[in-house]
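Step one of this worksheet: look at the structure below.
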């Protein structure tokens, strides 16, 4: 691993007196602008902030050290950043397993129409727990199903995130284009245009924190071109920019979506999004599988980001996104789990390996992506897509202490000399420690704040209740 000679340090006044945590004797991949790595290095964390990163052990005379961790046999990286998910789908895993996207949605909309607040709370806890125990420190949820009388669904998601201890971006979704108006969702699954916009604005006012260290942020997120009206897309973009929050939606996911846009709007998805104000450096879209050179150039020109979801794209036979071409053009790209009804594992750290392997099936073959590019997608790339790269996504003095210590000396990885290669190419690595703002959320493969066994029972019970309601409807 490449080393740099100088140690990076930061001594802002607000962390000078904070208690310190030291992690040392571990390999470190900082994912900074220079891809600085240390074969054996240290990180000093003061309060919620990274104070120093450098080679060798930490100084032995550091004041205020409350914990010193020997990271021998480990790799330290930034925390993983998930850029696209649907937490509610934890309750409908394993259904419609042989469907394309449109058929899959048609099969599951009638089930999702019965979701209520207790169900979503447990589903969100399950989704978050699976990610957090696998190194995710910032999660994102695109929730767009709001059945009438279902309760406080936004509050259910954010309560679950707070209890798990991870940062959360809730993309408040919406659908107003039901089947009777030419959309894909059944009419019972959609909101009114004005109702969706009002609820979205209320979520922003109640929950969005613009601070760099925010635990909760809100984005504006109409679902997709085939489930929302043009007016909703246009007015949602105006709302987001008036409120200073980011915009998110699904885009260019399938050939069926491409056909829908041409038939209904007379243009492809990217041109349609541009016509409604949905390209810009405050926008990111999920999937972006079916994009031509002109589409990629438009994303690069506008700074529009992409959430790449390789396992879900494969599960729904959507295709292979042109990730190497997106990166070469300068498009911001991060990784996403997507909902666990189309990626049953629910883990982001497995997406590193899948992103690398699936993209090598495309025209770039073995040159498509390498291990360090994929690690960057999962960390700094995701932070950039969510608009948070100034605070998270790399190990640098002054950034928030969102870090993961991966155990790399077990049978699964010990014979792979390079730990970054082992992390990406190998089996899922155990997490010895995951910190969010310097606070542990997982240790030795178990969650700190969540009883996983009790959660498994609760999610099973709510999934069964949802199934009964759907069957009786």
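Restricting the first member to the stretch 207-218 and to residues that are assigned by TED's automatic domain parsing to the domain that holds residue 241 and in contact (Cβ under 8 Å) with a residue 40 or more places away in the chain, and the second to residues that are assigned to a loop (DSSP other than H, G, I, E, B) and surrounded by 13 or more Cβ atoms within 10 Å (Cβ to Cβ), the beta-carbon pairs closer than 7 Å and six or more apart or on different chains are 212/391; 213/48; 213/391; 213/437; 217/208; 218/208; 218/245. Quick check: is even one residue across the stretch 206-216 buried (at least 24 other Cβ atoms within 10 Å of the Cβ), in contact with a strand residue (DSSP E or B) (Cβ under 7 Å, 6 or more places away or on another chain) and modelled with pLDDT of 95 or more? Checked against the condition, which is being buried (at least 24 other Cβ atoms within 10 Å of the Cβ), in contact with a strand residue (DSSP E or B) (Cβ under 7 Å, 6 or more places away or on another chain) and modelled with pLDDT of 95 or more, the stretch 206-216 yields no hits at all.
For the stretch 312-332, which residues satisfy the criterion of being under 14 Å from residue 360 (Cα atoms) and either touching a strand residue (DSSP E or B) at 6+ places or on another chain (Cβ under 7 Å) or part of a helix (DSSP H, G or I) (or both)? Within the stretch 312-332, 314, 321, 323, 324, 325 qualify.
Selection of helices (runs of 4 or more DSSP H) fully inside the stretch 71-174 by the criterion of at least 3 residues being more than 18 Å from the chain's Cα centre (by Cα) and closer than 30 Å to residue 419 by Cα returns nothing. Checking every residue in the stretch 369-379 against the condition of being part of a loop (DSSP other than H, G, I, E, B) and assigned by TED's automatic domain parsing to the domain that holds residue 338 gives at least one match. The single condition from (1) more than 22 Å from the chain's Cα centre (by Cα); (2) in contact (Cβ under 8 Å) with a residue 40 or more places away in the chain that residue 284 fails is (1). The requirement of being at pLDDT 95 or above, in contact with a helix residue (DSSP H, G or I) (Cβ under 6 Å, 6 or more places away or on another chain), in a loop (DSSP other than H, G, I, E, B) and surrounded by fewer than 24 Cβ atoms within 10 Å (Cβ to Cβ) is satisfied by residue 394. Within the stretch 32-49, the set of residues being surrounded by 24 or more Cβ atoms within 10 Å (Cβ to Cβ) and either part of a loop (DSSP other than H, G, I, E, B) or modelled with pLDDT under 95 (or both) is empty.
Listed residues 361, 356; which is outside the structural domain of residue 421 (by TED's automatic domain parsing), part of a helix (DSSP H, G or I) and modelled with pLDDT of 95 or more?
Working: 361 fails: part of a helix (DSSP H, G or I).
After ruling out the rest, the residue left standing is 356.
Would you check if residue 241 is touching a residue at least 40 places away in the same chain (Cβ under 8 Å), more than 24 Å from residue 170 (Cα to Cα), surrounded by fewer than 20 Cβ atoms within 10 Å (Cβ to Cβ) and assigned by TED's automatic domain parsing to the domain that holds residue 203?
Details: touching a residue at least 40 places away in the same chain (Cβ under 8 Å): yes; more than 24 Å from residue 170 (Cα to Cα): no; surrounded by fewer than 20 Cβ atoms within 10 Å (Cβ to Cβ): yes; assigned by TED's automatic domain parsing to the domain that holds residue 203: yes.
Taking the combined requirement at face value, the residue does not satisfy it.
The set of residues from the stretch 282-311 being buried (at least 17 other Cβ atoms within 10 Å of the Cβ) and part of a loop (DSSP other than H, G, I, E, B) comprises 282, 288, 289, 290, 291, 304, 309. None of 442, 429 is touching a strand residue (DSSP E or B) at 6+ places or on another chain (Cβ under 6 Å), outside the structural domain of residue 351 (by TED's automatic domain parsing), crowded, with 17+ Cβ neighbours inside 10 Å and part of a loop (DSSP other than H, G, I, E, B) except 429. Applying a threshold of 6 Å to beta carbon distances and a minimum spacing of six or more residues, or different chains, the list of pairs starting in the stretch 42-65 at a residue that is within 23 Å of residue 391 (Cα to Cα) and ending at one that is at pLDDT below 95 and part of a strand (DSSP E or B) reads 52/9; 53/8. Of all residues in the stretch 257-281, those being surrounded by fewer than 16 Cβ atoms within 10 Å (Cβ to Cβ) and either in contact (Cβ under 8 Å) with a residue 60 or more places away in the chain or within 24 Å of the chain's Cα centre (by Cα) (or both) number 2. Inside the stretch 397-419, residues that are in a strand (DSSP E or B) and either surrounded by 21 or more Cβ atoms within 10 Å (Cβ to Cβ) or without any contact (Cβ under 8 Å) to a residue 12 or more places away in the chain (or both) make up a count of 5.
The values are calculated or read from the model by the stated rules, or taken from the named source; none is laboratory data. In this text, all values refer to a predicted model and were calculated from it rather than measured experimentally. Every residue, glycine among them, receives a Cβ derived from its backbone with ideal geometry; neighbour counts consider all protein chains shown.
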